[in-house]
Amino acid sequence: MKTLVLGYGNRSRNDDGVGWVVIERLEALELSGVEFLTAHQLDVDHAEIISRFDRVIFVDAAIPQTPLPMSRTDVKANFRSHAVAHYLTPGDLLELATTLFGQAPRAILFSIRGQDFNFGTVLSPETERYANEAVREIRQLLLPRPEPPSSSRRSEATHA
Amino acid sequence: MTEPSANTITINPVTRIEGHAKITIHLDDAGDVADARFHVVEFRGFEKFCEGRFFAEMPQITARICGICPVSHLLASAKACDAILGVEIPRPAKLLRELFHMGQLTQSHALSFFHLSAPDLLLGFDSDPASRNIMGLIQQHPDIAKRGIRLRKFGQEVIKLTGGRKIHADFTVPGGVNKALTNAERNEMLSGLPEAKDHATFALDLLKKYQESHLEEVEEFACFDSNFLGLVQPDGSLEHYDGRLRFCDTKGNVLQDQIDPANYLDVIAETTEDWSYLKFPFIKSLGYPDGMYRVGPLARLNVVDRISTPRADAELQAWRSQSVPPRRSSFYYHWARLIEIVYALERIEELLRDRDICSADTLVNARPAHEQGIGVMEAPRGTLFHHYWVDEAGRVEKVNLIVATGNNNLAMNRAVKSVAQKYVKSRQLQEGMLNRVEAAIRCYDPCLSCSTHAVGQMPIRVELIDRDGSVLHTLVRDQGTM
């Protein structure tokens, strides 16, 4: 299974850069069979990139009002009107990938709650803790396992 | 969307623009539109954040202001750093920086036209906002959407091949650039040019056809008097990387010309308003707010005498022959953007065929020689100023940034007011009116992306407000995740 882990956010706005931090820590583990990517924000170009993978794991910050310090959700293709901005959401990307390139990967979004979005490159203590938790959980997901039959995998991707 | 309360219109997320902002439309006692304001409701503070950093770090730091036009910040910052070093960078480095920038101009303008504005034009201002977007465009006009993606991709490839990365490349450094271009990279870019030019021609033809069938809307859309600012070469031709400042008035008369960008503080001043965190620049000699000016593609094409590349110049002259310049309708930002794409592609070819483009002479080393450095250039959205003050060790003591969206701040207020005066006919907001207000803002393609992009944030909103300050009606398009 070809997997991409994509962390995004503004690296210069403290906790908004948690996606980048998670990617840096995962890359240091030297895992095989996985690709990593960081981005300031998601845009149209990423639709083509993700369409080449079977699975994509997105990692982003969440606003302080988010109930859970970290959440893991399956992403569904869901294009929203606002999103044809300079930025897109993971759901937008999946729908664009399907419409433009005929296929989209299975996708999971790890949202890590941020507390401090001021200028800087340091994570606040809670975000730091859950960045490590995200690294641990994503690493588990990336461990080699038997691949499901190709037909069911394609079906899941279509509905992702 | 909330229920109306009493006499102001507020549009709270204006979809498809960067960052976090709000539009308010103010009514007088008769219920007519008296004023409109484009509020930026997030404090930036970026200049303060940079204080104390070593000046050579500034290109990388300031590039992270924005995920869409980091190249512009990289280049303006590197130019300010060159000035602190007191060096003239090697010619090949200058060529490569300009090549880098032409890639940026292509991708940014392609995104703005095909993905943000084309849905307004091709699907109609009065179409359902839920489908008046890139997905709606893909479903109804898949070929057009794919052309936009291909053209943007070409620009991104120019950036990647020239600078090593598409986003936040550490390519431009004080004193030049840190990567020479290989022959293979040059040839790869050259091979993509014919297709890119075809997409640009297609887009221009599309816009010309639109104008034929919507002449009144095109001429009158968010149309108002203003001054214009852009960089020009010594012969008055279009320039994006270097050049000198030229200001024209609303009739096209040159107000000030060939101003050394290092003297920008002699001609531009800034003020603040208590309802926006974004500052309001104006022409010093005309005062505030009479000194309001516009920047960006339309302003650039309004101030220049000509364009140095043949195809783009022919398009410019044909465009100008339709009426007496300058063009005042904000709609013409789209037109100017497309002519600039034609220019960027021609200029990319010229640069790639220059005998020095693959030279390894790309960097000059020096120590800080001056206490200040100013870098000015034309970003896709308009004139961009970076000004740093440093101590003897090269530590940054003070920073002043005037970004394109800041330069257009007063103009965007006027654009919204112009549209609101034409389309707001009651104390209730109608979708068609709201769509046009948003479209007026999109002409300027504002970029407020120093704001964060955390999950759950709301980008903007619109309010209708009466003379007493009561909010009559609020429209919020979307509160979704970002």
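Cross-link partners of B:LYS284 among aspartates and glutamates, defined as those whose alpha carbon lies under 15 angstrom from its own and excluding same-chain residues fewer than eight positions apart: B:ASP249, B:ASP257, B:ASP266, B:GLU270. The angle separating the long axis of helix B:310-321 from the principal Cα axis of greatest extent in chain B is about 30 degrees. About the centre of its Cα atoms, region B:134-225 shows a dipole size close to 760 debye [charges on the beta carbon of Lys, Arg (+1) and Asp, Glu (-1) only; nearest 20 debye]. Sorting B:ILE307, A:ILE57 from the fewest to the most surrounding beta carbons within 10 angstrom yields B:ILE307, A:ILE57. Think of chain B as a dipole: +1 on every Lys or Arg Cβ, -1 on every Asp or Glu Cβ, centred on the Cα centre; then among B:GLY287, B:SER470, B:LEU338, B:LEU338 lies furthest on the positive end.
Once the Cα atoms of helix A:150-159 and of chain A are each reduced to a long axis, what angle between those two axes, in degrees from 0 to 90 to the nearest 10, is obtained? The answer is roughly 60 degrees.
Charges only on Cβ, +1 for Lys and Arg, -1 for Asp and Glu: so what's the dipole of the protein assembly as shown about the Cα centre, in debye to the nearest 20?
Values: 72 positive and 84 negative charges, 215 e Å.
Using only the charged Cβ atoms, the result is roughly 1040 debye.
Here the Gaussian network model covers chain A, with springs between Cα atoms less than 10 Å apart; of A:PRO90, A:PRO69, A:PRO144, A:PRO144 fluctuates the most. Working note: Cα gyration tensor of the protein assembly as shown, eigenvalues times five, square-rooted, sorted largest first, giving semi-axes of 35, 31, 26 Å.
Indicate, rounded to the nearest 5 percent, the antiparallel portion of the DSSP beta bridges found entirely in the protein assembly as shown. Write down the numbers at each step before the final one.
Values: 49 of 82 bridges.
Within the protein assembly as shown, antiparallel bridges account for around 60 percent of the total.
Taking amide H positions as modeled 1.01 Å from N, with prolines and chain starts lacking one, the residues under 5 Å from A:VAL5 and 5 or more places away or on another chain are A:GLU35, A:PHE36, A:LEU37, A:ILE57. Angle between the Cα long axis of helix B:70-85 and the longest principal axis of chain B, 0 to 90 degrees, nearest 10? It is inclined by approximately 50 degrees. What you get for region B:224-328, charging only the Cβ of Lys and Arg (+1) and of Asp and Glu (-1), is a dipole of about 360 debye around the Cα centre.
Only counting other Cβ atoms within 10 Å, I'd like B:ASP266, A:ASP15 sorted with the fewest neighbours first.
Values: B:ASP266 12, A:ASP15 30.
The most exposed by this proxy come first: B:ASP266, A:ASP15.
Distances between placed amide hydrogens fall under 5 Å for A:ARG13 paired with A:GLY120, all partners being 5 or more residues away or on another chain. Residue-wise HN-Hα couplings along region A:121-128, as the Karplus relation 6.51 cos²θ - 1.76 cosθ + 1.60 with θ = phi - 60° gives them from phi, are 10, 10, 7, 6, x, 5, 5, 4 Hz; Gly and Pro carry x. Here B:LYS94 is the anchor, and the lysines within straight C-alpha reach of less than 30 Å, apart from those fewer than 8 places off in the same chain, are B:LYS48, B:LYS79, B:LYS153, B:LYS160, B:LYS166, B:LYS179, B:LYS197, B:LYS398. Equivalent-ellipsoid semi-axes for region B:224-328 (Cα gyration tensor, √(5λ), whole Å, largest first): 25, 16, 11.
Ranking A:VAL5, A:PRO144, A:GLY17 by Cα position along the charge dipole of chain A, where only Lys, Arg, Asp and Glu carry charges on their C-beta atoms, puts A:PRO144 farthest toward the positive end. Karplus-based coupling profile of region A:3-13, in residue order and whole Hz: 10, 10, 10, 10, x, 9, x, 8, 5, 9, 10, with θ = phi - 60° in 6.51 cos²θ - 1.76 cosθ + 1.60 and x standing for Gly or Pro. Using a Gaussian network model of chain A whose springs link C-alpha atoms within less than 10 Å, name the residue from A:LEU123, A:LEU42, A:LEU143 with the highest mean-square fluctuation. Of A:LEU123, A:LEU42, A:LEU143, the Gaussian network model singles out A:LEU143 as fluctuating most.
Could you list B:LYS22, B:LYS398, B:LYS94, B:LYS284 so that the one with the fewest beta carbons within 10 Å of its beta carbon is first and the one with the most is last?
Fewest-to-most ranking of B:LYS22, B:LYS398, B:LYS94, B:LYS284: B:LYS398, B:LYS284, B:LYS94, B:LYS22.
For region B:301-306, 3J(HN,Hα) computed residue by residue from phi via the Karplus equation (6.51, -1.76, 1.60; θ = phi - 60°) reads 6, 6, 8, 7, 8, 6 Hz, glycine and proline entered as x.
Is region B:80-204 rounded, prolate or oblate when judged by the Cα gyration tensor, a ≥ b ≥ c being the square roots of its eigenvalues, rounded requiring a/c under 1.5 and prolate requiring a/b larger than b/c? In terms of gyration-tensor shape, prolate.
Think of the protein assembly as shown as having a plus end and a minus end, set by charges on the Cβ of Lys, Arg, Asp and Glu; of B:HIS101, A:ASN132, B:GLY382, A:ASN132 sits farthest toward the positive end of this dipole. Distant-in-sequence amide contacts of B:LYS398, defined by a placed amide H-H separation under 5 Å and a gap of 5 or more residues or a different chain, comprise B:TRP389.
Throughout, read-outs are computed from the coordinates displayed, never taken from laboratory work. Predicted, not measured: the structure shown is a model, and the values here were computed from it. Cβ coordinates were reconstructed from backbone atoms using ideal geometry, including for glycine residues, and neighbour counts include every protein chain displayed.
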